[in-house]
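Novice: Got a structure for you, written out below as structure tokens; questions coming shortly.
The values are calculated or read from the model by the stated rules, or taken from the named source; none is laboratory data. Just so we're clear, the structure is a prediction, and the values are computed from it rather than from any experiment. Cβ placement follows ideal geometry from the backbone for every residue including glycine, while neighbour counts extend to all protein chains displayed.
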Amino acid sequence: MPNSDSKKLTVECILFDLDGTLYYSPDYNARVEAEITAIVAHTLKTHVSKAKLRLDEERKRRGTLTGALRVLGVNRGVFFETLAEKIEPLTILTPDPSTILTLRTLKKRGLKLGLVTNNGCKMVGKILRAIGLEASLFDVVVTSDDTEPKPSSQPFLFALDKLKCTPDETVYVGDRVQAELSPARKLGIKTVLLAREGNTQRDQVDVVIARLPEVLNLIEPRQD
Ligand SMILES: [Mg+2]
């Protein structure tokens, strides 16, 4: 469904989430989920089924994987390093021409682009290669190796500082309301929910879109 309220957002910077936003692959998600559970089971020295239960419970409670890892006592840096060794996104993910075109068009329009992800740095590099996005498209890339992960305000503030943008001249595009869009909105950043599977918590974000290229009709560069 197209953006029904045809609202225009006038901004200078666009921050994107990575996983579930710049790519979406149930096959890849299933592969990653299996590996995440295996790593947690190994770290906690427990059976895979038990690790999965605890992980699911904490993710539900904390809203993010990184939040769950923290309460389970799993070191985030070591976890993402291990995940990046075990998973090869190139074997599963493929470039989506409409996503590549969307980002390149925004860049050509003179907007500053940022990537704000809870994933680890090494994995982010692998994923970007697999989905055909060169890291140089982004004026800043913030991973959980750089700051505390979302829903902390730190990754947003870090990105704004690097881009020299204020919250009101920035929009954040992501697929999770509680974990990222709500905290971004609290800072005064405009918010776009990419609702691939009918997530319609519309009252908590500025705009809801169903496909990433819709941002091209939505976002206008600020004229100074
Ligand atoms: Mg996401």
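Novice: In the stretch 173-193, which residues are surrounded by fewer than 24 Cβ atoms within 10 Å (Cβ to Cβ), near the ligand (Cβ under 10 Å from one of its atoms) and not in a helix (DSSP H, G or I)?
Specialist: 175, 176
Novice: Something else about it: In the list 53, 106, 90, which residue meets the criterion of being in contact (Cβ under 8 Å) with a residue 12 or more places away in the chain and surrounded by fewer than 19 Cβ atoms within 10 Å (Cβ to Cβ)?
Specialist: Being in contact (Cβ under 8 Å) with a residue 12 or more places away in the chain and surrounded by fewer than 19 Cβ atoms within 10 Å (Cβ to Cβ) holds for just one of 53, 106, 90, which is 90.
Novice: Here is a further query. Taking the residues in the stretch 1-11 that are part of a loop (DSSP other than H, G, I, E, B) and in contact with a strand residue (DSSP E or B) (Cβ under 6 Å, 6 or more places away or on another chain) as candidates, determine which candidate is modelled with the lowest pLDDT.
Specialist: 3
Novice: Having 3 or more residues that are modelled with pLDDT under 95 and of a type in the set (Asp, Glu) is the bar; report the helices (runs of 4 or more DSSP H) wholly within the stretch 63-172 that clear it.
Specialist: No helices (runs of 4 or more DSSP H) qualify here.
Novice: Name every residue in the stretch 10-41 that is within 30 Å of residue 109 (Cα to Cα) and free of Cβ contacts under 8 Å to residues at least 24 places away in the same chain, in order of residue number.
Specialist: Passing the criteria: none in range.
Novice: Hey, does the stretch 171-179 have a residue that's touching a Lys or Arg at 6+ places or on another chain (Cβ under 6 Å), within 27 Å of residue 67 (Cα to Cα) and among the aliphatic types (A, V, I, L, M)?
Specialist: Yes.
Novice: Could you grab the pairs with beta carbons closer than 8 Å, sequence gap of 6+ or different chains, first residue in the stretch 132-145 and in contact (Cβ under 8 Å) with a residue 12 or more places away in the chain and under 20 Å from residue 91 (Cβ atoms), second one of a type in the set (D, E, K, R) and buried (at least 16 other Cβ atoms within 10 Å of the Cβ)?
Specialist: Note: pairs meeting the criteria are 132/96.
Novice: Please indicate, with yes or no, whether at least one residue in the stretch 13-20 is away from the ligand (no atom under 16 Å from the Cβ) and either buried (at least 18 other Cβ atoms within 10 Å of the Cβ) or outside the structural domain of residue 141 (by TED's automatic domain parsing) (or both).
Specialist: For the stretch 13-20, residues away from the ligand (no atom under 16 Å from the Cβ) and either buried (at least 18 other Cβ atoms within 10 Å of the Cβ) or outside the structural domain of residue 141 (by TED's automatic domain parsing) (or both): present.
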